[in-house]
Amino acid sequence: MARGIQDLSAREREILELLANGLTNREIAAALYISPHTVKNHVSSIYRKLGVDDRTRVAVTALRLGVVQLRDDLAPGSASWSER
């Protein structure tokens, strides 16, 4: 899976970070000003490149590898979260 991480585009890494922080496809789409369908396509590409088909496994692995960070501004209860 670590090798697949290197194959991710900049946009896929951005989406992976938001996914790992618990955002839904619809929330990711709103945050990045793209359509939910585009997010779905990127998530599918992330799954394919990493060889998994589970959102939680992708998120946990990305966090363990240090590819993404948990962001306080995206946590439920934060000011950013309540502004959605």
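What the table below lists for this structure:
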{"quantity": "Answer residue from the range 16-39, given it is of a type outside the set (Gly, Ala, Ser) and exposed (fewer than 15 other Cβ atoms within 10 Å of the Cβ) and is nearest to Val68 (Cα to Cα) among those", "calculated": "Thr24"}
{"quantity": "Residue satisfying all of: in the range 40-49; surrounded by fewer than 20 Cβ atoms within 10 Å (Cβ to Cβ) and not charged (D, E, K, R); nearest to Arg71 (Cα to Cα) among these", "calculated": "Val43"}
{"quantity": "Extreme residue, nearest to Leu63 (Cα to Cα), among residues of the range 1-15 that are loosely packed, with under 12 Cβ neighbours inside 10 Å and modelled with pLDDT of 90 or more", "calculated": "Gln6"}
{"quantity": "Candidate set: the range 35-72, residues that are among the small types (Gly, Ala, Ser) and outside any helix (DSSP H, G or I); chosen: the one farthest from Gly4 (Cα to Cα)", "calculated": "Ser35"}
{"quantity": "Residue match in the range 46-54 (condition: modelled with pLDDT under 95 and within 22 Å of Leu74 (Cα to Cα))", "calculated": "yes"}
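The values are calculated or read from the model by the stated rules, or taken from the named source; none is laboratory data. Predicted model, so just to flag it, every value in this text is computed and none were measured. Here Cβ is always computed from backbone atoms with ideal geometry, including for glycine, and neighbour counts include all displayed protein chains.
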